[in-house]
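Trainee: One structure coming up, written as structure tokens, with questions to follow.
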Amino acid sequence: MRYYIWTLGCQMNKADSSKLAAGLDRLGHEAVGAPEDADLLVVNTCAVRDHAEQRAASKLGDAKRLKAKRRDLKIVLTGCMVGPRLDELRRRFPYVDAFAPPQAFADIVDAAGIDGLPEGCAPSQFWHDVLPAVEAPTAFVPVVYGCNKFCSYCIVPYRRGRERSRAMAEVRAEVRHLVDGGVKEVTLLGQSVEAYGRDLADGPDLAGLMRNLHEIDDLERIRFLTSYPTDITPDIVDAVAALPKVCECFSLPLQSGDDDVLARMRRDYTVEQYEAVVEDVRRRVPGVAISTDVIVGFCGESDAQFQRTYDLLERLRFDKVHVAAYSPRPGTVAAKQFADDVPRDAKRERLQAVEALQKRVAGEINARLVGSVQDVLVEDAAKGKWCGRTRGDKLVHFSGECRLGDIAHVRIERASAWSLQGSVLDAR
């Protein structure tokens with residue numbers, strides 16, 4: 001059987017799709033480069049925001065047109081769109097053959113009518129043992145699934161369940177497998193990645209996992225995301241500061257710069273506490289890069305409350321700000337308890353204001369790197385140039401002699417808010 005996987009959304013979805021592909025390959029099936037060539041089409045969806053669901057619906061519209069031409073095409077919808085609202089999904093997409101929750105790999109295989117598991121091997125054991133194929137010099141490695149936070153706007157806990165950590169030995173085996181295949185950088189994933197290990201009897205934490213993986217030969221870099229402000233411990237910050245392979249980079253969502261809005265969001269910190277975390281990380285990790293997430297137009301957000309968010313972003317000067325306008329997610333606390341009462345035009349204006357601010361701030365931060373030499377992992381080539389990222393997660397386009405997977409020493413010659421440009425001095 002020939003298969004194609006459309007992947008939308010976060011890094012966890014990308015990791016899920018890689019594992020599904022590796023399992024299908026192991027069962028003897030063939031990945032194809034275009035959906036029209038597939039016998040099985042899997043759409044792996046995101047439902048964090050309404051825009052993400054609309055993108056998934058668009059892909060499903062494309063799938064419908066393909067199925068109209070080929071009745072034998074099997075279509076499976078998986079990912080965070082699949083939850084309690086199955087009847088609604090079946091009404092909206094009657095041409096979809098099956099619906100599978102996130103990481104329900106066995107359900108996808110069953111829906112496609114695929115057989116051929118090794119004799120005596122239960123589906124759960126088969127998928128537990130599947131290791132993702134190496135696709136690039138970088139890879140995403142989930143270390144803790146699910147989330148216990150239940151922020152009022154967020155659908156993730158209802159789709160991916162409670163926190164479940166992987167055993168340290170299991171994570172190490174996957175990273176070892178990836179490195180043996182040529183991966184140089186791994187990103188440890190969790191909805192709240194510092195929650196890693198809390199549910200395990202032997203009590204390893206994220207810092208302990210970092211120290212364990214740091215000993216793997218030929219692994220060059222370790223990243224981790226996404227952090228939750230009050231979960232960052234001194235030991236984790238110490239590990240980032242002390243371990244050469246761990247990149248000095250934090251993804252630290254803020255969501256709002258107003259305490260009342262944070263309370264309605266059910267984020268269990270205040271602005272003062274958040275600022276203290278940022279200050280501590282910057283003090284103890286020299287040269288650290290910090291990105292953040294912000295939601296504008298959350299239920300009841302006034303002009304003054306938005307202005308406090310804007311002022312905080314200007315004061316803290318993040319390397320990156322991922323900003324989104326609030327959209328209600330059916331089934332969440334916010335959708336049940338609060339009115340989506342900020343006008344659409346106000347949401348758009350606030351989003352554009354944050355984007356304009358961050359363009360200026362990021363441009364100023366990146367301009368300071370002109371003339372410096374940065375270590376860049378060579379990840380890809382496009383339009384006659386190499387591209388990759390610094391330890392601080394800055395995108396760099398550059399020319400010169402190197403290969404995929406090299407660590408190139410790149411002199412930065414130009415900078416914009418979104419990327420750096422330069423030339424290779426040497427590479428290893």
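The values are calculated or read from the model by the stated rules, or taken from the named source; none is laboratory data. No experiment lies behind these values; they were computed from the predicted model shown. FYI the Cβ positions are ideal-geometry reconstructions off the backbone, even for glycines, and counts take in every protein chain you see.
Trainee: Tell me the strands (runs of 3 or more DSSP E) entirely within region 194-308 that contain at least 1 residues that are of a type in the set (Phe, Trp, Tyr) and assigned by TED's automatic domain parsing to the domain that holds ALA339.
Mentor: Details: elements: 221-225, 249-251, 289-296.
Answer list for region 194-308: 221-225, 249-251.
Trainee: In region 240-263, what count of residues is obtained for those that are touching an Asp or Glu at 6+ places or on another chain (Cβ under 9 Å), of a type in the set (A, V, I, L, M, F, W, C) and under 18 Å from ALA195 (Cβ atoms)?
Mentor: Qualifying residue count, region 240-263: 2.
Trainee: If you don't mind, there's one more thing I want to ask. I'd like to know if region 403-422 contains one or more residues that are at pLDDT 95 or above, closer than 25 Å to PRO286 by Cα and within 20 Å of the chain's Cα centre (by Cα).
Mentor: yes
Trainee: Right, here's the next one. Answer with yes or no whether GLU194 is crowded, with 21+ Cβ neighbours inside 10 Å and within 21 Å of LYS149 (Cβ to Cβ). It would help to see each step written out before you state the result.
Mentor: On the way: crowded, with 21+ Cβ neighbours inside 10 Å: yes; within 21 Å of LYS149 (Cβ to Cβ): yes.
In short, yes.
Trainee: Whether any residue in region 16-32 is charged (D, E, K, R), touching a residue at least 40 places away in the same chain (Cβ under 8 Å) and buried (at least 21 other Cβ atoms within 10 Å of the Cβ) is what I want to check. First the steps, then the outcome.
Mentor: As a first pass, look at region 16-32 and keep what is charged (D, E, K, R): 16, 19, 25-26, 30.
Cutting the leftovers down to touching a residue at least 40 places away in the same chain (Cβ under 8 Å) gives us 16, 19, 25-26.
Filter again for buried (at least 21 other Cβ atoms within 10 Å of the Cβ), leaving 16.
Among the residues of region 16-32, at least one is charged (D, E, K, R), touching a residue at least 40 places away in the same chain (Cβ under 8 Å) and buried (at least 21 other Cβ atoms within 10 Å of the Cβ), which makes the answer yes.
Trainee: Can you tell me which of ASP202, ASP217, ASP180 is modelled with pLDDT under 95 and closer than 26 Å to HIS128 by Cβ? Reasoning before the result, please.
Mentor: Working: ASP217 fails: modelled with pLDDT under 95; ASP180 fails: modelled with pLDDT under 95.
After applying the criteria, what remains is ASP202.
Trainee: Continuing with this model, one more query. Looking only at region 131-148, which residues are in contact with a helix residue (DSSP H, G or I) (Cβ under 6 Å, 6 or more places away or on another chain) and farther than 18 Å from VAL171 by Cα?
Mentor: CYS147
Yes or no, residue by residue, for (1) in contact with a strand residue (DSSP E or B) (Cβ under 8 Å, 6 or more places away or on another chain); (2) in contact (Cβ under 8 Å) with a residue 24 or more places away in the chain:
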{"site": "GLU314", "(1), (2)": "no, yes"}
{"site": "SER327", "(1), (2)": "no, yes"}
{"site": "ASP340", "(1), (2)": "no, yes"}
{"site": "GLU349", "(1), (2)": "no, no"}
{"site": "LEU377", "(1), (2)": "yes, yes"}
{"site": "HIS397", "(1), (2)": "yes, yes"}
{"site": "GLU401", "(1), (2)": "yes, yes"}
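Each row is one residue, and each column tells you yes or no for (1) more than 30 Å from VAL261 (Cα to Cα); (2) among the hydrophobic types (A, V, I, L, M, F, W, C).
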{"residue": "VAL143", "(1), (2)": "yes, yes"}
{"residue": "CYS151", "(1), (2)": "no, yes"}
{"residue": "CYS154", "(1), (2)": "no, yes"}
{"residue": "ALA173", "(1), (2)": "yes, yes"}
{"residue": "ARG198", "(1), (2)": "no, no"}
{"residue": "ASP218", "(1), (2)": "yes, no"}
{"residue": "TYR228", "(1), (2)": "no, no"}
{"residue": "ILE236", "(1), (2)": "no, yes"}
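Trainee: Here is a check on your reading of the model: is THR233 touching a residue at least 24 places away in the same chain (Cβ under 8 Å), loosely packed, with under 14 Cβ neighbours inside 10 Å and at negative phi? Break it down into steps so the answer makes sense when it comes.
Mentor: Numbers: touching a residue at least 24 places away in the same chain (Cβ under 8 Å): yes; loosely packed, with under 14 Cβ neighbours inside 10 Å: yes; at negative phi: yes.
Against the criterion (touching a residue at least 24 places away in the same chain (Cβ under 8 Å), loosely packed, with under 14 Cβ neighbours inside 10 Å and at negative phi), THR233 qualifies.
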